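FYI, it's all coordinate maths here, none of it is from the lab. Since we're looking at a predicted model, the values are computed, not measured. So basically every Cβ, Gly included, is an ideal-geometry build from the backbone, and we count neighbours across all protein chains shown.
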Amino acid sequence: ESDAGDYTCVCGDKQSTASLAVHALPVLFKEELRNEEVQEGASVSLRCVLTKAAMVQWKIGSKVLKASDKYEMSQPGTTAELVIHDLEVEDA
């Protein structure tokens, strides 16, 4: 989208100008989350890969998760990862 704008070709005292519009593609999942089974007290890493970099939000049910000692979130490039530490039965 940042490439959109007016472009001009100049040759001597002549020029030609065109406007370029760039339509953004939707963000899709290249790799979706996978179901996991983990022992209580352990940690688990949930990871998904997007078709392009975009901000994600992690939720359990309708509750939005915030980064903390329990929930570690990272998003290098197109990969979004959530690590849940010290799992409890209630985390299922």
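Structure summary
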| read-out | value |
| --- | --- |
| Those trypsin sites (Lys or Arg not before Pro) in segment 53-92 that DSSP places in a loop and that have at most 12 other beta carbons within 10 Å | Lys66 |
| Packing-based ranking, highest mean first, of 38-46, 76-84, 15-23 given that Cβ atoms within 10 Å are counted | 76-84, 38-46, 15-23 |
| Dimensionless Rg ratio for the chain, taking C-alpha atoms and the 2.2 N^0.38 Å reference | 1.78 |
| 12 Å Cα-Cα reach of Lys59 towards aspartates and glutamates, excluding residues that sit fewer than 8 places from it in its own chain | Asp91 |
| Relative contact order computed over the chain (Cα-Cα under 8 Å; 6+ residues apart), in percent | 24 percent |
